Structure formats: C-alpha cells, structure tokens
1. Taking Val281 as the residue in question, decide whether it is open to solvent by 30 Å² or more (accessible area, probe 1.4 Å), assigned to a helix (DSSP H, G or I) and touching a residue at least 24 places away in the same chain (Cβ under 8 Å).
2. Which condition from (1) farther than 28 Å from Phe306 by Cβ; (2) open to solvent by 10 Å² or more (accessible area, probe 1.4 Å); (3) in a helix (DSSP H, G or I) is the one that Ser200 breaks?
3. Without any contact (Cβ under 8 Å) to a residue 60 or more places away in the chain and open to solvent by 40 Å² or more (accessible area, probe 1.4 Å), is that true of Ser207?
4. For the stretch 317-338, state whether one or more residues are among the aromatic types (Phe, Trp, Tyr), surrounded by fewer than 23 Cβ atoms within 10 Å (Cβ to Cβ), touching a residue at least 40 places away in the same chain (Cβ under 8 Å) and within 27 Å of Leu261 (Cβ to Cβ).
5. Considering only residues of the stretch 29-46 that are modelled with pLDDT of 80 or more and not in a helix (DSSP H, G or I), which is most open to solvent (accessible area, probe 1.4 Å)?
6. Taking the criterion of being assigned to a helix (DSSP H, G or I) and over 22 Å from the mean Cα position of the chain (by Cα), would at least one residue in the stretch 3-18 satisfy it?
7. Considering only residues of the stretch 214-228 that are small (Gly, Ala, Ser) and surrounded by 21 or more Cβ atoms within 10 Å (Cβ to Cβ), which is nearest to Phe32 (Cα to Cα)?
Amino acid sequence: MTNMQVGNLFGNRRSTIITLYNGAFDSSSAVFLVVKVLYEAGLSLMSMFLFISCLSSIHILRTIFLLPRTHIPYPLPKGYTYGVSCDKFGLTTSSSKEETASQRKPLRGGGGTEGETSERWDVTEGDKVERQEIAEKVDDVTPQLKGSKDSDGNEEEIPSFRSCIFSKLFLTHLLWLSILQLRHYLFIGTLNPMLTLLTSGDPGQVSRFTNAFAFTQFCGVFCAPWNGMIMDRHKRKAKPSDTASESTGTQRLADMKSAVLSLAITVTQCVLFSLCAAIPVLQVQYLTFVLQVINRSFLYGGHAAFTAIGFPPCHFGKVYGMLMALSAVVSLLQYPCFALIKGPLQDDPMYMNIGFIVLVTLAYVHPINVYLQVRRETRRRGAVKPPRVEVQGLGEMDNRPASDTDI
C-alpha cells in the first residue's frame, strides 16, 4: 500500500506502475517455490532465510534516502522533487533561491493591498501551475479536506470518507472484488482434491501438476502491467498540453471511463477460468492455471488502480483498507464451501465450480455501474458548462452566458 503512490510520479503511466507493484506482490509467493527447490538441492533453510533478511536492508535505505517524508501528490506540481536533494543541506545557490521566490510571488490586481490575505493572480497557464504547486505544499503542512479547482476556477468539493464508503460505486466495487477473490481462494483450496480426483489418486501426477501451478504464479508480475496499459491507454493518445489543461474532475472521468474495459475484461477472464476449472479433463487444467494467474494479477492490480482513480486521493488508504477488510470477511464463505465439498459432494468440486460460474457473472454489475456513472457525470458537466457566445464585432468566442444586456 505504501508503494502504490509511487505511480503518481509516472504521470500517463500511473495505473501501469500501480498494477506492476501489485503484480510483483502477487508473484512473491513464487519465492518459496525457489526456497523449496534450493532446499531439495542441498541448501540449508538458515542460510536462505538469512539471505532474504539481508535483502530487507535495501528497502530500509530506499525508504530513508529516496521516498518523500509525506505523500506523493497527484497530479504532480511543477518542479516536484523527492528524496535527498541539495536544498536539504543548504547547497542551493542564492540566485536560484531568489529566482524561485520571484516566481512564486503573486501578481495582484485591482485595489489589493500588501496585507490582504486574498490576492488576485494573473490568469496565465504558468501561474496556474505555480498556484497548484503552492497549494500542494500547503496541503502537505495542513492536510485538510479542501476542494480542488477545475480549469474554470470553480471549486470541486471533495466527498467525505463516510459518503465514499456508502456510495453505490464503493458497494459495486466491493461486490466485484469479493466475488472474484472468493473464486480464487476456493480454487486454490480445492486444487489438491480436484487433481487427486482427475488423476485417480496418482501422487506423481498430482505433484507434477502442483509444481506447474506454482511456477505459473511467478508470471503475475508480467501479466499485471497489461491491465495498467488498458487503463492508461487514453493518456497515451492525449497531448501533454491537453493533459495539463484538464481539471482534476475531468481527468478522473476519463480514467474511470477507461477503467470500464479493464473491469469487464477481468470479470470475463474469471468466467473463462471458472469454465476451464469445471471441465473434468486433466490436461485442460494447464489452461486453467494460465487463466488463473492472469486473472489474479488483473484482479488485484485493477483493484488498486481503480481505488486510486474512483475515490479522492486523501481517502485512498482508508478506502483501500476498508475494501480489503470487507472482502476478507466475505472470503470466510470459502470454509462452508469446503465443508460442502468434503461432505455431500464427496470431494468432487465440479458442481461447486458450476455454481460459481453463475455467481461470477454477477460481478458485471460493477463495470456497468461505472459506465453509467461516468455517462451521468459527463452529461451533468455538459449541462452546467456555460454556452460559448460569439462576439460579432471581434469574431471571437466569449465564455460568458448570454444575457438580456448582451442582446
């Protein structure tokens, strides 16, 4: 969770980096497969675990010397730096300090005085970026729930954490995450009895298929960025100037619209994976393993990326933690499912797999809800935006709404 904000540093590839981190986390289970293979080759557990412990020193040094002291803002303000920089040791030259101070000095207009707290800024593109940079630094010192401003200068209210968790978007995303996660947990829990049933109890074949499943888990780090590329595809088509001029709300709507395809593909993958798992043919399970690792990497990577997109950044940690906690409670349903397979189904999970095919299709509710919400928000913004009125004498476009005095 603490490393997901690193994606904010990569702009148009933000979701790709977030999904890459989740893919690496998902593939970390393959480390113990390596430990198992090395142990069977003669290495001691003591030496291997001491080596893994020493690798943790890299994370400590990286945290102290590279990561910022506070959160990484998004979008990044102009000239944003992090880690050990020269100004922390007083190595910045006086000329650069004076230049920075002059750049940040606000331009006042009208009858403003020197002691007034509210100042008028000259409306230029450079000043907008500088004003955003100062606002980000102020928010780091005094973190409050403040509204952001769009490209027209209108303040956009940030919803509270309570309104986020009781929103329809949160509930459908929780349903999407809980159902797909439960499906994966149930598959992993029933893998051994399923392989035992399909191989007629042959321990050699069960071991071979189990090792094949373990090796496929390592591929999650390579599959997860595909999902991020799907979510970032609209940013690659846009020009940098267009991205900079868009408001935060407009960027969020564009990101959510792009996430609809990612969410739908993740559900489709889980349906195909459940179909293959329900086929009682041993060789088909190789395809099941491949679909399972791809879908799992899409699930957790897409979950983190969508949480960063669909909810305010100031609530990301709380919303992400709440989603994972509630989905974990839903995952407790795997134990009644295990008892049902062990008892009435007599170690045959086929009927359970068929039932989950129907259950997984319910997760399509989430991408449909996101699509409808984006469409409603886009229409609302289009209705609120004032019409553009052409000035006949100058041949220019005026953003002011038409009135009786203009006529």
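1. Here the answer is no, as Val281 does not meet what is asked.
2. Exception for Ser200: condition (3).
3. So Ser207 passes the test.
4. Checked the stretch 317-338: at least one residue is among the aromatic types (Phe, Trp, Tyr), surrounded by fewer than 23 Cβ atoms within 10 Å (Cβ to Cβ), touching a residue at least 40 places away in the same chain (Cβ under 8 Å) and within 27 Å of Leu261 (Cβ to Cβ).
5. Here the answer is Leu43.
6. No, there is no match, as no residue in the stretch 3-18 is assigned to a helix (DSSP H, G or I) and over 22 Å from the mean Cα position of the chain (by Cα).
7. Initially, the stretch 214-228 is screened for residues small (Gly, Ala, Ser), giving 214, 220, 224, 228.
Narrowing further to those that are surrounded by 21 or more Cβ atoms within 10 Å (Cβ to Cβ): 220, 224, 228.
Working: Gly220: 15, Ala224: 20, Gly228: 27 Å.
That would be Gly220.
Here's the yes/no breakdown for (1) in contact with a Lys or Arg (Cβ under 9 Å, 6 or more places away or on another chain); (2) modelled with pLDDT under 90; (3) within 30 Å of Glu40 (Cα to Cα):
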site	(1), (2), (3)
Glu130	yes, yes, no
Ile134	yes, yes, no
Asp152	yes, yes, no
Ile158	yes, yes, no
Lys168	no, no, no
Asp202	no, yes, yes
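The values are calculated or read from the model by the stated rules, or taken from the named source; none is laboratory data. Because the structure is a prediction, the values reported are computed rather than measured. Here the Cβ is made from the backbone with ideal geometry for all residues, glycine too, and neighbour counts use every protein chain on show. The area values use the complete protein model at the heavy-atom level, side chains included, leaving out ligands, DNA and RNA. Shrake-Rupley method; radii C 1.70, N 1.55, O 1.52, S 1.80 Å.
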